[in-house]
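Below: the structure, in structure tokens.
The values are calculated or read from the model by the stated rules, or taken from the named source; none is laboratory data. Owing to the predicted nature of the structure, the values given are computational and were not obtained by experimental measurement. Here Cβ is always computed from backbone atoms with ideal geometry, including for glycine, and neighbour counts include all displayed protein chains. What goes into the accessible areas is simple: the full protein's heavy atoms, side chains included, and nothing from ligands, DNA or RNA. Shrake-Rupley method; radii C 1.70, N 1.55, O 1.52, S 1.80 Å.
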Amino acid sequence: MTAPAHRPWLDRTLPVAERVALLRAAMTLEEKVGQLVQVANPDPVRDADALAAGAFGTCIVASGEHAGNVRDAGTQAEAVNALQRAAVESSRLGVPLVVARDVIHGHRTVFPIPLGQAASFDADLVRACARVAAREATADGVRWTFAPMLDVAQDPRWGRVAESWGEDAWLGAHLGAAAVEGFQGADDAGPRGDGTFAADALAACAKHYVGYGLAQGGRDYAEVDVGPRTLQNRHLRPFRAAVDAGVATVMSAFHTLDTVPMTAHEGLLRAHLKGDLGFAGPVVSDWDAVGELVRHGVAHDTREAASLALRAGVDVDMVTGAYGGHLADLVRSGEVPEELVDDAVGRVLALKVRLGLLDDPFTDPARAARVHLTTEHRALARRAAASAVVLLRDDDGVLPLLAPDGTGAPARVHVTGPFATARAELFGTWTLDGRGEDAVPIADAVRERLAGTEVTVDDGRWPDAALVAAREADVVLACVGEHPMRSGEANSVTSLELPPGQVEQLEALARVSRRLVVVVVTGRPLALGRLAHLGDALALVPHPGVEGGHGVVDVLTGDVPASGRLPSSIPWVTGQVPLHHDHLPTGRPLDPGGPVGRYRDHQDGPMYPFGFGLGYAPVEYGALELSSSRLEREGRVAARVRVANRGDRPTVETVQLYARARRASVSRPVSELVGVRRVELAPGDERVVSFEVDHGLLAHRDAVGHTCHEGGRFVLTAGPHAGAGSSAELDVVPAPHGRTAEPGEVPTHSSDR
Ligand code: BGC
């Protein structure tokens, strides 16, 4: 198709940058500003004038109230097509919109919350879930998702830990990058060689840049204070990985970081993200965050807020209207240079070109019925749900419920608790397009699998009646945990205990049950100290999604190996948090075998460490062997460990490699995750698992993001979780171009990532 002479940017054969330049050059200042305005839920009739004027360039379909926790009417291809038709046909230049929505962990097919996907430690699974979410959401006309969330969450009082990949930056970086690839279509869809996306790909958004996971006291939106090295090594790490994976957009966060609101943080946005890290896409503010600069006390009014945010590097104003109201005037008065507007517009237009919207903004209305909740998507959701189940305790092998050949089902099973019959509550936070009626409750899945067993069910409303049924059963499955409204945005808690009354009910059940299996469905790592000896088995399941019932029962029966691992440490009591495996050493380390810790009233360490999770077969680890005890200047060393399945069931072992620098220019964590390998082991199987260790793996960042390759002695540990494993020492010769930061040194520039 040749482009009409008056719209040369429609020529598909031109490179993206040229099309963008042609279109931008044709725009008035008002039209350019319009591209930077994002509105919520526009309507082609009600907003006809604004559409004709090109007064907004992108929109979000969202309820806006109780973000992520209230289901709304959603969107459909016809509605989006009507909107696009109005934008394209009524405006002077015919520029289509980008329709955005929070597609966080699935669309119609709801996968486990990100914290649950993280429990798989499986980047391929995360990538596959995001790919399906994109396929489904694009069928409803959505082309931009505000995911993945990359905030490293070390304080589970913060409700948004549900949306995170857990406490570890390495895991967050790897799983976050995989999610970006999945949404954007790494393999079969865009971004293709020319930077364009396929029609079933979503533009991803790395959020919330940066440090939001440190909200003081776990109170959402609260201030953050963090030193520059911790910011670089922990909180910026997943964002660097997302940029390297080609993430299309980034969202700036709500909070203040060291007194500067992130929406106005020129140093971290324009200088670091867009400068040092070379991020070339648009940065979008969080919801109304430009307007909130007034409440943060750094702007008099929305006019000043618009100026601050644009200068800082926020390209798109989500819903405040500050850009639409004031930017043109700010440019005319000389307060904001027009080049900054041009740069921002170029980023937005490039996104539109890359998404193919200039070529075809419409969605086939028949596609949703073909791609939503297909058998294949359900199967993936079931696999993901099973991978999210973390088995924490299994006294006397009460689990799995069935023998390896599928026999041995208990004669009577009672399923009780609020999650016995729950449907939509299995989804967790941020599931705008999931439908409760699609979900498989745990009790239904038990009945389906244990066909010959007498299965009784109660939803926990009458605790006394549950006790009567429990006494009659051979096995009681108590399905307790958190309602989704207890986690997610603006849903923080001061107590990480189970919700009120549940422990008491479990204690009562434990007194009368022959065998009690406790399944805790949750949006956060809870403090499980009171369940340490309660019942016979304990499993933690981050909200598992539409196939939650099947996934949980697949693991409890042993049809699928128990393979989930904790992406966050589990504390005994709330007062221990923040608690994470990669803390720094103190000058006065605790004696691990000693009777006391730093707390007068409790032990210091976690109840279950990061990375922990039982399988149904004992796995034996050999000694960690290094191909050389010295890592040369340009060298690589192989770290190998033998793992053997000594049980009678297949198992999936998640072998984890941790590193510790004995001496560096700054104090480094006592344990840093540097590698993960998931291996399937049939009964009797033995495998040698190998990790390649190079300087990059052991490097850290200085205060402005320079990579520091330091020499010295490192301890490598391979094992089943952060609290166990076999170690070997490695002498590292500093890398050829490495630099060694000195304590307290603040370099003045940053060039590498
Ligand atoms: C949240 C974001 C979300 C946005 C749009 C905000 O309240 O912090 O994560 O993407 O709303 O719904």
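Which FRET efficiency value, to the nearest 0.05, is calculated for Ala411 and Ala532 with the Förster distance at 30 angstrom and r the Cβ-Cβ distance? The pair Ala411/Ala532 has a calculated efficiency of 0.55. Would the stretch 276-413 count as rounded, prolate or oblate if I go by the C-alpha gyration tensor, calling it rounded below 1.5 in a/c and otherwise prolate when a/b exceeds b/c, oblate otherwise? Prolate, since a/c reaches 1.5 and a/b exceeds b/c. Quick one: helix 338-354 against the long Cα principal axis of the chain, what's the angle to the nearest 10°, folded into 0 to 90? The angle comes out at about 60 degrees. Checking every one of the GluC sites (Glu not before Pro) in the stretch 417-458 against DSSP loop status and a limit of 10 other Cβ atoms within 10 Å picks out no site at all.
Split the accessible area of the chain by element, probe 1.4 Å, and carbon with sulfur accounts for 50%. Between Phe362 and His583, what is the FRET efficiency for a Förster distance of 51 Å, r being their Cβ-Cβ separation, to the nearest 0.05? Computed FRET efficiency for Phe362 and His583: 0.45. The aspartates and glutamates within cross-link reach of Lys32, meaning a Cα-to-Cα straight distance under 17 Å and a gap of 8 or more places when in the same chain, are Glu18, Asp49, Asp315, Asp317, Asp329, Glu335, Glu338, Glu339, Asp342, Asp343. Solvent-free Debye calculation, one equal scatterer per alpha-carbon of the stretch 619-732: log10 I(q)/I(0) at 0.15, 0.20, 0.21 Å⁻¹ equals -0.65, -1.01, -1.09. At an R0 of 41 angstrom, the distance between the Cβ atoms of Val16 and Arg662 translates into a FRET efficiency of 0.25. Count Lys and Arg as plus one, Asp and Glu as minus one, and take only other residues whose Cβ is under 10 Å from that of Ser563; the net charge is then -1. The stretch between Asp731 and Glu686, if pulled fully straight at 0.36 nm per residue, gains 13.3 nm over its current Cα-Cα span. The magnitude of the dipole of the chain, with charges of +1 and -1 set on the Cβ of Lys/Arg and Asp/Glu and taken from the Cα centre, is near 820 debye. Of the trypsin sites (Lys or Arg not before Pro) found in the stretch 475-545, the ones in coil according to DSSP and having at most 15 other Cβ atoms within 10 Å of their Cβ are Arg514.
A 1.4 Å probe run over the chain, with the rest of the protein chains in place, finds 37 Å² accessible per residue.
Here's how it looks for Phe610: its modeled amide H is under 5 Å from those of Ser569, Ile570, His581, Ala722, which are all 5 or more places away or on a different chain. Diffusion of the chain by Stokes-Einstein, at 37 °C in a medium of 0.692 mPa s and with Rh set to the Kirkwood radius over alpha-carbon pairs, works out to 122 µm²/s.
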